[in-house]
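To start, the structure itself, in structure tokens.
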Amino acid sequence: AAKAEGRNNYRFFLPSMHERVKERKTIEEDLRNALEQDQLELYYQPKIDCRTERVVGAEALVRWHHPDRGLILPGEFISVAEECGLINRLGAWVLDRACRQTQIWRETTLPGLRIAVNLSPAQFQDAELVTSVTQIMDQTLLPDGTLELEITESILMNNPEKAVSTLNELKGLGVRIAIDDFGTGYSSLNYLKRFPVSSIKIDRSFVNDIHVDMDDKAIVDAVIGLGHSLNLEVVAEGVEEIEQHEYLRDKGCDFIQGFLFAKPLPADVFEKWVTERHATVPARITVES
Ligand code: C2E
Ligand code: MG
Ligand code: MG
Ligand code: MG
């Protein structure tokens, strides 16, 4: 009986196809306004040197301040932006904003800061990508290695030949490439060799139980070993517990991000957080490479 009841409840709450389509249409219309009316904002999550615990950079993560619905996370609108063709405009805005902010920080309070920006598959396929990155690099004069673009494994598998040439063009501009959510896609160890990638980010799902689960330990150990033997930087995301940090540090992981240190923060809060954190240590707060 409980089961039947549960099923009825479920059916009761399941939105109809029609409602879901309507919901997406609304998001789509609102998103067009968001771009025009300056409702998007970038938050910045610190990337920390696993050993020294110093901030080396930030990952830019987009947020939407919806006039009626408040703060909306990218999980709710990036896929809509991709489907309705708004992702390239949104992505161009993110890239521009992140690079300009980084340039300002590097010249003022946060010299040496690196910045990572997420690219969705549609952006990577956009013929204009290399042109717009070239323009931004010309305008901001960010030194080689300062900008990192985070892509996912699926991007590489769709059209490997095209991907190699795009990545090589980006590399030629001094841009680094990171594989985000590493291990969750159709990983092929082969592509790490073929593609000009500079770092891999171990997905949060492997980091979660790293201090207790033998399988996750084994996977993370292997990824760190693989990354290092291919001369890649290894980053772990989603570090929430001290034990996770300690484990990753002992295994030689290079960088970590996670709520243990900081959530993604608005620009002014991020700047304050980093400068206060490093107030008691030597002035040059970051390492460059
Ligand atoms: P991602 O690139 O893998 O980013 C990491 C996500 O994990 C972020 O969620 C971040 O807030 C969250 N996170 C960081 N540390 C922790 C932690 O310790 N615990 C937990 N539970 N979560 C943590 P967010 O900001 O909601 O972004 C979700 C995804 O949306 C991103 O995943 C990325 O794929 C996409 N995204 C975000 N900003 C952009 C953007 O500007 N452009 C594109 N194309 N995609 C974006
Ligand atoms: Mg990312
Ligand atoms: Mg990720
Ligand atoms: Mg992701």
Peptides ranked, highest mean first, by Cβ atoms within 10 Å: ranges 62-70, 129-137: 129-137, 62-70
Cα-only Debye scattering, region 79-230: base-10 log of I(q)/I(0) at q = 0.12, 0.16, 0.18, 0.21 Å⁻¹: -0.56, -0.95, -1.13, -1.33
Of all DSSP beta bridges in region 47-148, antiparallel share, percent nearest 5: 45
Largest-first ellipsoid semi-axes for the chain, taking √(5λ) over the Cα gyration tensor eigenvalues, angstrom: 30, 25, 22
Neighbourhood charge, 9 Å Cβ-Cβ cut-off, centred on GLU153 and excluding it, Lys, Arg +1 and Asp, Glu -1: -2
Table column - 3J(HN,Hα) (Hz), region 65-72, Karplus curve with 6.51, -1.76, 1.60, x for Gly and Pro: 8, 7, x, 9, 9, x, 6, 10
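For region 109-193, count all C-alpha to C-alpha pairs, find those more than 16 Å apart, and express that count as a whole percent of the total.
53
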Dipole of region 16-174, positive end: most advanced residue of GLN37, THR146, ASN118 [Cβ charges, Cα centre]: THR146
Relative packing of peptides 113-119, 213-219, 223-229, 179-185 - highest average C-beta neighbours within 10 Å first: 113-119, 179-185, 223-229, 213-219
For region 118-233, size of Cβ-based charge dipole, Lys and Arg +1, Asp and Glu -1, in debye: 320
Fluctuation leader among ILE48, ILE155, ILE104 - the chain, Gaussian network, Cα springs under 10 angstrom: ILE104
Footprinting exposure proxy for GLU36, GLU246, GLU150 (fewest neighbouring C-beta atoms within 10 Å first): GLU36, GLU246, GLU150
Partners for LYS217 among lysines (Cα-Cα distance below 26 Å; same-chain residues under 8 apart left out): LYS47, LYS193, LYS201, LYS251, LYS263
Considering only the chain, percent of DSSP beta bridges that pair antiparallel, nearest 5: 45
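Laboratory data are not the source of any read-out in this text; all were calculated from the coordinates shown. Worth saying up front: this structure is predicted, and the values here are computed from it rather than measured. All Cβ positions, even for glycine, are placed from backbone atoms using ideal geometry, and neighbour counts span all protein chains on display.
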